[in-house]
Amino acid sequence: MKVYLSSDMEGTAGVVDWEQCRGPGGEYEHYRRLLQDEVNAAIAGAVDAGATGFLVNDSHSTMQNLRPGELLGNARYLSGRHKPMYMMEGLDASFAAVFLVSYHGSMGGESSTLSHTYNPRAIARVLLNGVEVGESGINALVALGHGVPVVLVTGDDTTAAETRAVCPGVTAVVVKRSVSRFAADSLHPAEACRLIREGAAAAVRGLDGARPPAIELPATLEVTFRNADLAEMATRIVGVRRTGTLAVSITDADPVELYRTFVTVVLLTRGIAE
Ligand SMILES: [Zn+2]
């Protein structure tokens with residue numbers, strides 16, 4: 001039984017500042033260890049419950065934050081930049097479950113430590129079928145496309161709530177309470193890892209009752225940008241419709257195609273985002 005794990009970094013207990021999430025050197029070297037421990041805690045919990053194979057897709061920044069030899073569970077490690085399926089690269093129907101580890105809240109939602117939705121300089125808000133979503137909800141499209149349930153998410157309280165809105169049965173392990181976008185009340189890292197391990201084991205044991213994300217198809221993503229130039233640029237992509245000065249809309253019956261178009265919007269607008 002294989003588990004697919006997508007790891008970000010802003011949702012790790014103790015992390016509250018961009019500098020802690022950005023290498024090389026400095027504080028980042030300390031915080032990347034905490035991230036590695038949380039990823040390993042999730043793997044260890046899944047192993048406790050009988051999982052036997054792991055693919056870890058590093059999805060943060062330039063996507064090379066973990067030490068491959070220190071991953072538990074003999075995990076494969078998918079790292080590095082310019083992955084066509086970005087935060088969900090490598091997922092297919094051979095996996096039994098998706099874990100989202102160290103995730104953070106959306107740019108447009110309730111206060112969440114280091115909140116953003118793919119690109120904080122370009123994207124102000126994303127709605128999926130009218131529901132406020134962050135990366136967890138957007139990435140759930142790919143899980144739905146492959147028929148795999150998202151069973152675990154770790155991060156702050158806002159991330160837990162946003163993920164539940166799209167993946168109702170998900171086990172959400174809250175490792176910190178966001179006080180503001182740059183402040184959080186975090187569990188001790190050891191306690192965070194203990195809870196993640198327990199949560200991951202419970203999530204895998206509950207797989208029989210797990211369902212793929214609850215997203216009605218065809219699905220619509222409405223993206224609000226931070227300025228009109230970004231919205232205009234996005235409409236150069238086939239399937240992207242301008243719906244307002246700052247807003248575009250994308251509808252697709254295929255959730256994987258919808259995600260692919262969204263990723264193309266992220267990549268194209270990156271060039272003119274300030
Ligand atoms: Zn992120």
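The values are calculated or read from the model by the stated rules, or taken from the named source; none is laboratory data. Because the structure is predicted, anything quoted here is derived from the model rather than measured. Cβ: placed from backbone, ideal geometry, glycine included. Neighbour counts: every protein chain shown. Note: areas computed on protein heavy atoms with side chains; ligands, DNA, RNA excluded. Shrake-Rupley method; radii C 1.70, N 1.55, O 1.52, S 1.80 Å.
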Does the range 92-112 include one or more residues that are within 13 Å of the ligand (Cβ to nearest atom), touching a residue at least 12 places away in the same chain (Cβ under 8 Å), open to solvent by 20 Å² or more (accessible area, probe 1.4 Å) and over 22 Å from E257 (Cα atoms)? yes
Restricting attention to the range 3-25, report how many residues are among the polar types (S, T, N, Q) and either more than 14 Å from L66 (Cβ to Cβ) or open to solvent by 10 Å² or more (accessible area, probe 1.4 Å) (or both). 1
Output the residue which, of all residues in the range 116-145 that are in contact with a Phe, Trp or Tyr (Cβ under 7 Å, 6 or more places away or on another chain) and within 26 Å of D185 (Cβ to Cβ), is nearest to the ligand (Cβ to nearest atom). E135
Filtering the range 89-127 down to residues that are under 22 Å from F225 (Cβ atoms) and either among the hydrophobic types (A, V, I, L, M, F, W, C) or not in a loop (DSSP other than H, G, I, E, B) (or both) yields M107, L114, A122, I123, A124, R125, V126, L127
Answer residue from the range 24-51, given it is part of a loop (DSSP other than H, G, I, E, B) and under 17 Å from E198 (Cα atoms) and is farthest from the ligand (Cβ to nearest atom) among those: G50
Single unsatisfied condition, P189 versus (1) exposed (fewer than 15 other Cβ atoms within 10 Å of the Cβ); (2) touching a residue at least 40 places away in the same chain (Cβ under 8 Å): (1)
When you go through (1) in contact (Cβ under 8 Å) with a residue 12 or more places away in the chain; (2) more than 16 Å from the ligand (Cβ to nearest atom); (3) open to solvent by 10 Å² or more (accessible area, probe 1.4 Å) one by one for V148, which number turns out not to apply? (3)
Name the residues in the range 64-81 that are touching a helix residue (DSSP H, G or I) at 6+ places or on another chain (Cβ under 9 Å), in a loop (DSSP other than H, G, I, E, B) and without any contact (Cβ under 8 Å) to a residue 24 or more places away in the chain, would you? S79
Which of (1) among the hydroxyl-bearing types (S, T, Y); (2) buried (at least 16 other Cβ atoms within 10 Å of the Cβ); (3) out of contact with any Asp or Glu (no Cβ under 7 Å at 6 or more places or on another chain) does T52 not meet, given it meets every other one? (2)
Among (1) part of a helix (DSSP H, G or I); (2) away from the ligand (no atom under 16 Å from the Cβ), where does E216 come up short? (1)
The range 202-215, residues that are open to solvent by 70 Å² or more (accessible area, probe 1.4 Å) and within 20 Å of the chain's Cα centre (by Cα): R211
